[in-house]
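Contents: one structure, followed by commentary.
The values are calculated or read from the model by the stated rules, or taken from the named source; none is laboratory data. Because the structure is a prediction, the values reported are computed rather than measured. Heads up, the Cβs are rebuilt from the backbone with ideal geometry, glycines too, and the neighbour counts pull from every protein chain shown. Remember, those area values only see protein heavy atoms, side chains included, never the ligands or the DNA or RNA. Shrake-Rupley method; radii C 1.70, N 1.55, O 1.52, S 1.80 Å.
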Amino acid sequence: MNQMLKKASTTCAAFACAASLMFSGAAVVWADGEIDETVKNQIETYAEGLTDEIIGLSDDQIEQYMESDDAFTSSAMTAWDGTKDDLGELKETGDVEIEYSGDEYTAVIPVEFEKEDAEFTYVFDKNLTPTSLAVDIQYSFGTTMKNAALNTLMGIGTVFVILAMLIFLISLFKYIPGSGAQQVKMKKEEAAAPAPAPVPVAAAPVQEETDNSELIAVIAAAIAASEGTTTDGFVVRSIRKINRKKR
């Protein structure tokens with residue numbers, strides 16, 4: 001394992017030394033960001049060599065490089081370690097695209113893997129020293145839709161779980177003394193209790209009215225005889241019996 005680490009270190013060091021000796025302080029950049037062809041070829045060779053070396057590292061080598069004191073080495077290993085499991089085995093490396101801006105060179109290498117494609121993006125300073133590496137996975141349409149569906153299902157499931165927990169917690173309020181739920185329960189119990197039966201009220205005696213034409217005629221005649229007049233001077237409308245107490 002130490003021999004493999006030494007081999008990887010030697011390869012990277014060789015590229016770094018070659019770049020430093022040949023182009024340190026002498027990188028030529030033309031107007032409007034146009035890059036000198038020699039510099040471009042050197043960056044392509046350097047970036048391709050680093051990419052092949054990084055992809056070929058074992059898990060143990062990656063862990064050891066992550067503990068390196070060199071900022072670029074540790075950050076590059078961290079970027080690769082976080083994405084390699086989603087990519088699978090290497091299939092093909094594409095052409096390098098290089099841009100120059102703000103005294104920095106950006107080299108992008110498209111790489112095709114067994115599961116998904118990825119882009120290795122290197123940043124070099126004006127002395128052609130690598131400063132950072134980013135590994136961006138280019139998910140396919142099918143993978144993107146699959147991840148979207150999984151995220152949707154997880155979101156809906158989370159909502160239902162939270163709602164179920166809220167319903168369960170609310171159902172426990174009725175057991176808390178002094179809670180609104182318990183007061184409502186007491187009011188319902190009071191409303192459900194049967195009301196006392198009303199006390200029957202004695203009905204007032206109904207006075208019987210006599211509607212007897214013959215009796216009315218007799219009484220009218222008696223009144224007319226006692227008054228010395230005829231029955232035409234008055235009209236008997238009703239006759240009511242008066243109950244008098246016996247002495």
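Numbers at a glance
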read-out: Region 15-34, subset closer than 17 Å to Ala107 by Cα and either at pLDDT 50 or above or among the aliphatic types (A, V, I, L, M) (or both), residue most open to solvent (accessible area, probe 1.4 Å); value: Glu34
read-out: Residue ID - nearest to Ala107 (Cα to Cα), chosen from residues in region 119-160 that are assigned to a loop (DSSP other than H, G, I, E, B) and without any contact (Cβ under 8 Å) to a residue 40 or more places away in the chain; value: Tyr139
read-out: Any chance Asp81 is over 17 Å from Ile109 (Cβ atoms), at pLDDT below 95 and touching a strand residue (DSSP E or B) at 6+ places or on another chain (Cβ under 7 Å); value: no
read-out: Residues within region 188-247 that are in contact with a helix residue (DSSP H, G or I) (Cβ under 6 Å, 6 or more places away or on another chain) and either modelled with pLDDT under 65 or of a type in the set (A, V, I, L, M) (or both), tallied; value: 3
read-out: Verdict on Lys91 being of a type in the set (D, E, K, R) and in a helix (DSSP H, G or I); value: no
read-out: Residue in region 98-118 that is most open to solvent (accessible area, probe 1.4 Å), counting only those that are assigned to a strand (DSSP E or B) and either among the hydroxyl-bearing types (Ser, Thr, Tyr) or without any contact (Cβ under 8 Å) to a residue 12 or more places away in the chain (or both); value: Ser101
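To keep it simple, each residue is scored yes or no on (1) surrounded by fewer than 17 Cβ atoms within 10 Å (Cβ to Cβ); (2) out of contact with any Leu (no Cβ under 8 Å at 6 or more places or on another chain); (3) free of Cβ contacts under 8 Å to residues at least 60 places away in the same chain.
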site	(1), (2), (3)
Asp36	yes, yes, yes
Glu44	yes, yes, no
Glu63	yes, yes, yes
Trp80	no, no, yes
Leu87	no, yes, yes
